[in-house]
Amino acid sequence: MNILVTGGAGYIGSHNVIALLEAGYNVIIFDNLELGHLETVETLKEIKAKGSVIDFIEGNLLLIQDVEAVFAKYQIDAIMHFAAYSQVAESVKEPQKYYYNNVLGTLNLLNTAMEYDVNKIVFSSTAATYGEPEYIPIDENHPQNPINTYGKTKLMIESIMDDYDKAYGLKSVRLRYFNVAGADSKNRVGEWHNPETHLIPNILKSTFGNGRVFQMFGTDYDTKDGTCVRDYINVEDLAQAHLLALKYLLNGGETNYFNLGTQEGSSVKEVFDICEKVTYQKFPVKIQPRRPGDPAILIADNKKAKEVLGWTPVHTLEQSIQTAYNWEVELAKRLANQV
Ligand code: UFG
C-alpha cells in the first residue's frame, strides 16, 4: 500500500512517516525542504521496517508539474497531507503567503489526486479553526470561527474537502490538533523549526548556556496560575491517530473530523516546572506581556476520536518533555557538527 506524505520531512510529518513504515506501509515523501530538512529524510530512509519502502521526491505543491510527476510515477492509495505554513503570528502579518501556499497548494494536490482516482486523504487541521473558545473542553461541534489567517486557511481547506466529497467523492479525515509536543522515543527525529516559536522547545533551548532567556507571555490570565492553559498531545500518539484515520478511510469510512488532544490542560508555568524537573536544570525566565491572539484556555474534548477511531493517547506530558529534551540535545550536536 503506497501512502503519499506531503511535508514528510517536517516535524509532525516525519513522525508519521516512521509510524507508517513501522505499520508496513510504503511511503512516498513529497517535500520542498523549505521548512523540512534533508537530514530528516536521510534518517527516515535508514528506517527499514517490515519490508516497507520509502522514497523521497523534492517538489513544490504550488508547481502543478511537480505534483503531476508524483502521481504519474507512483500508484498512490491514499494521502497524508502535512505540508503547510503553520506559524500563527506570521500568518497574520503575511496572509498572502499563507492563503497562497496552504490553500492553493492543497487545491493542486486534490485536483491531481482526483485526476488519478486517488480519493482518500488524512488532513492536518488544527484547533486554531475553532478560534476563541465558547466552552471548554472543545468538541467537534464547537463553532469554527478562526481568529487568525493560519486557522482560516485550514478551515477553508476543510470546507473545500466537504464540497469535493459531495461533488467528486473525495473522502477526507481532518485531524484538528491541539498543542503537539515531544519527539520520537528513539530520538531519530524531532521538532526542528527556525525560528522556534513553540513553548516546550523554547524553554528547553535555554539550557545550553547560550544566553537565551525564556520569555513567558502573560501571567495575568483568568486561569489556575495566571498563565495560558493548553492541551499538549504527544507527537507519537498523534501519529497513531493518523494511522487509525488512514485505516478508517481504507475500510471505506465516510468523510469525518476529529480533535486530537488529551482532554487535560497544563499551564505555561506547569510546563516550565516539568521542564526543570525532567532536565535537572533551572532556566532563566522573563515575564512578558500577553502575546496577541493567545486564548486563555484550549482543551480538547477527545471522545469522538476515542469512540470512532479507537484512539487512546498514552504518553504523559512529562514523557513528551523528556523526549523533546533528548531531541534538543541531539539537535544541538547535529547543528554543531554542521559548522
Ligand atoms: N509561550 C510562551 N513563551 C514562548 C512560547 C510560547 O510563554 O516562548 C506560551 C504562549 O503564549 C501560549 C503557550 O505558551 O500561551 C503555548 O504556545 P505555543 O506557541 O507553543 O502554541 P500555541 O498554543 O500558540 O499554538 C499551537 C500551534 C498552532 C495551533 C495551536 C492550536 O502552534 O499551530 O497550537 O491549539 F494552531
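The values are calculated or read from the model by the stated rules, or taken from the named source; none is laboratory data. Worth saying up front: this structure is predicted, and the values here are computed from it rather than measured. Note that each Cβ is placed from the backbone with ideal geometry, even for glycine, and that neighbours are counted across all protein chains shown. Protein only, heavy atoms only, side chains kept; ligands, DNA and RNA dropped before computing areas. Shrake-Rupley method; radii C 1.70, N 1.55, O 1.52, S 1.80 Å.
So, in segment 141-156, of the ones that are within 13 Å of the ligand (Cβ to nearest atom) and either under 11 Å from Tyr99 (Cβ atoms) or open to solvent by 60 Å² or more (accessible area, probe 1.4 Å) (or both), which residue ends up farthest from the chain's Cα centre (by Cα)? Per the stated criteria, the residue is Ile147. If I filter segment 208-218 down to residues being near the ligand (Cβ under 9 Å from one of its atoms) and open to solvent by 50 Å² or more (accessible area, probe 1.4 Å), which single residue comes out as farthest from Ile321 (Cα to Cα)? Once the filter is applied, the top-ranked residue is Phe217. Here Met161 fulfils each of the conditions (1) open to solvent by 50 Å² or more (accessible area, probe 1.4 Å); (2) within 24 Å of Ser14 (Cβ to Cβ); (3) not charged (D, E, K, R) apart from (1).
Of all the residues in segment 227-269, those that are open to solvent by 10 Å² or more (accessible area, probe 1.4 Å), within 16 Å of the ligand (Cβ to nearest atom) and outside any strand (DSSP E or B) number 6. Residue pairs whose Cβ atoms lie under 8 Å apart, sitting 6 or more positions apart in sequence or on different chains, and linking a residue in segment 305-325 that is over 14 Å from Gln263 (Cα atoms) to a partner that is open to solvent by 70 Å² or more (accessible area, probe 1.4 Å) and among the hydroxyl-bearing types (Ser, Thr, Tyr), are Thr323/Ser185. The lone criterion from (1) near the ligand (Cβ under 10 Å from one of its atoms); (2) open to solvent by 20 Å² or more (accessible area, probe 1.4 Å); (3) in a loop (DSSP other than H, G, I, E, B) left unmet by Ile287 is number (3). Of the strands (runs of 3 or more DSSP E) lying entirely inside segment 1-86, not one carries at least 2 residues that are at pLDDT below 95.
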